[in-house]
Amino acid sequence: MAPARILAGTAPVAFSAIALAFLLRAEAQEDATRIEVCRHRTADGRGADKVDLARLGEEYRKVENRLSKEFAKAATRVEEAKLKGHHSGLRACGVRRERTVRLPQEIPPQFRRRTFYFVRVPRGGGRPAILPAAPPREAEVFVVEAESLGDVALLSKTLGRRVNVAGAELARAFGVDCANARVEPSADGSSATVYEEAP
């Protein structure tokens, strides 16, 4: 999330600073003496200041070091986020069963023809048995338990589609009190058939 944006935005800047600092350092090494260049007065007006390339190179090296450290910190945050798990508190289903439940609130019309999956992701991002290899396009997959967010990303890659991280409150709104479960709403949205399967 935020760390990913940081990585995407920082890498090009860090690369540019590194490249420019390298070029300036190479030029400075060609002449051991202090290099000073005075721009023509017509370029910047009367009394233009001298440009110290050695000093400019040092400033770019400072920027390079600072951005490299920020990049490393951002990369660390991304890795830490991957290792964090998601635990909704929803228990695992013990047996395979089918039940019809009355919902606390009607499901809106636009969602009544969809199938909803509430799953626990196996370690390593494997596909839960309740999920078909290719879930219907209109289906929604909600992860309620995962050892790490990296496993959630792997499941998404395996399915070739987006998966969502959800809490127990959302699951219960669909009549689900354990995972893994598949939910098929009724035509009027007032009830649903819940198919449960042990992980």
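Quick notes on this structure:
- Residue within the range 110-118 that is in contact with a Ser or Thr (Cβ under 7 Å, 6 or more places away or on another chain) and modelled with pLDDT under 95 present: no
- Subset tally (residues that are closer than 17 Å to PRO136 by Cβ, over 26 Å from the mean Cα position of the chain (by Cα) and of a type in the set (D, E, K, R)) for the range 173-189: 1
- The range 133-170 - residue that is β-branched (Val, Ile, Thr) and touching a Phe, Trp or Tyr at 6+ places or on another chain (Cβ under 9 Å) and, of those, surrounded by the fewest Cβ atoms within 10 Å (Cβ to Cβ): VAL165
- Hey, GLU184 of a type outside the set (A, V, I, L, M, F, W, C) and not in a loop (DSSP other than H, G, I, E, B) or not: yes
- Complete set of residues in the range 146-174 that are assigned to a loop (DSSP other than H, G, I, E, B) and over 10 Å from PHE118 (Cβ atoms): GLU147, SER148, GLY160, ARG161, ARG162, VAL163, GLY167
The values are calculated or read from the model by the stated rules, or taken from the named source; none is laboratory data. None of these values were measured; they are calculated from a predicted model. All Cβ positions, even for glycine, are placed from backbone atoms using ideal geometry, and neighbour counts span all protein chains on display.
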